[in-house]
Structure formats: structure tokens, C-alpha cells
Amino acid sequence: MMIVIHILSLIFISLGCGVMAIAALGLYRFPDVYMRLHASTKINTGGAMSIFLGLMLRTGFDILMVKIFVLMILVFILTPVVSHAIARSAHLQGKIPLVPFLSHCKEIKSFENPWRKK
Amino acid sequence: MIIFIYLLIGVAIFTLYRLIKGPTLQDALVALNSISIIFICILVLYSIQTGNPFFLDIAISFLLLDFVGMIAFTKYLGREGSR
């Protein structure tokens with residue numbers, strides 16, 4: 001029973017680290033602020049949640065587990081708030097998202113579609 | 001367990017590119033938030049690996065300070081018409 005929990009925690013931790021690595025690649029490659037925010041949210045909630053869950057499985061019922069649980073709840077509440085605040089500030093500054101289906105909108109004048117065939 | 005810490009340090013260094021060379025200020029904020037979350041994960045991994053519970057307190061306080069700083073920065077940036 002102990003080895004099953006150990007292997008399960010290793011699977012969760014490696015899953016979180018892999019999600020973080022792929023999301024960092026997306027943060028490097030994506031062309032827009034909003035798409036980079038979409039990649040960053042995977043680091044903030046997906047990877048961190050998975051790593052904390054694996055470590056909670058590893059420690060057993062202890063003071064360490066309670067502290068990791070508090071940290072998990074705080075990350076789960078606070079990081080989407082930060083992501084929404086960054087997106088709101090980018091929207092209020094007039095950044096236009098690079099969405100390929102919005103090119104026919106009349107209110108977006110200066111729009112250059114990067115995926116349109118020339 | 002120590003290999004995950006090295007992997008996360010590599011991911012943080014790789015994310016540092018977007019912090020330095022972001023075209024706008026929001027890109028730098030996104031990269032900074034990601035780097036702080038990765039740093040919190042490194043602290044928690046190191047705390048579990050050494051069995052020392054004091055790094056978890058540092059991680060919780062660092063998360064709260066990061067939240068307050070980010071909210072203040074976006075409130076400062078997000079006025080209408082600011083460039």
C-alpha cells in the first residue's frame with residue numbers, strides 16, 4: 001500500500017513538472033499578451049496544483065500536509081485573481097487580441113490577421 | 001526528488017526570457033507571476049525533501065506578498081488611457 005502511494009505521488013509530481021515545462025515553452029512561443037496569459041495560467045494552477053497534490057500524498061497526515069493544504073487553497077484562490085487583473089489592465093490599455101475570427105468586426109479598425117492567406 | 005528541483009530551476013531560467021524581452025509591460029508581469037509560482041514550488045519541494053517545515057511558512061508569505069504586489073501593479077497600470 002505504501003509503494004502505491006509513493007508511485008502515485010511521483011506520477012503527480014512529474015506530471016506537474018511536465019505541464020510547467022510545456023507551459024514555459026508556450027510562454028516563449030505565443031504571439032500575444034492574452035495567449036501568453038493562457039499559457040501562464042497552466043503554470044499557475046495546473047502545475048502547482050499537481051505538485052502540491054503529489055507532495056500531500058507523500059507526507060501523510062502531518063503538520064507539513066496541513067501547511068501544503070493551506071498553500072494549495074491560497075494558490076487556488078489568488079492566482080486566477082492576478083491573471084484576471086493583468087488581462088483587465090491589458091484590456092483597459094487598448095491591447096487588441098489576435099483572434100482570427102474577429103477580422104470582420106467594424107469596431108476593430110487597425111487589425112492585422114497573422115493567419116490570413118495573402 | 002532533487003531532479004525535479006533542477007528541472008524547475010531550468011524552467012524558471014527559460015521563463016526569464018519573456019521577463020527581459022517582453023514587448024509590453026503585461027508580458028513581463030505574466031512572466032514574473034509564473035516565476036514566483038515556480039519559486040514557491042521549488043521551496044515546497046525542498047522543504048519536503050529535507051523535512052524542514054520552515055520553508056513552507058516562507059512560501060505562504062511569499063505568495064501573499066506576490067499577490068499584493070501584482071494587484072497594486074495592475075491597479076497602477078489599468079487606468080483608462082495609460083500607456
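Nothing in this text is a laboratory measurement; each read-out follows from the coordinates by a stated rule. What you are looking at is a predicted structure, and each value in this text was computed from that prediction instead of being measured. Here the Cβ is made from the backbone with ideal geometry for all residues, glycine too, and neighbour counts use every protein chain on show.
Some values worked out for this structure:
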quantity: Label-point separation, B:Ile9 to A:Ile11 (7 Å along Cα→Cβ), nm; calculated: 3.0
quantity: Along each principal axis, Cα extent of the range B:1-43, largest first, Å; calculated: 37, 15, 7
quantity: Cβ-defined net charge surrounding A:Tyr28, 14 Å radius [Lys, Arg +1; Asp, Glu -1]; calculated: +3
quantity: Principal axes of the protein assembly as shown: Cα extent on each, largest first, Å; calculated: 62, 37, 26
quantity: Principal axes of the range A:2-92: Cα extent on each, largest first, Å; calculated: 50, 24, 11
quantity: Calculated over the range B:26-77: convex hull of Cα atoms, volume per residue (Å³); calculated: 43
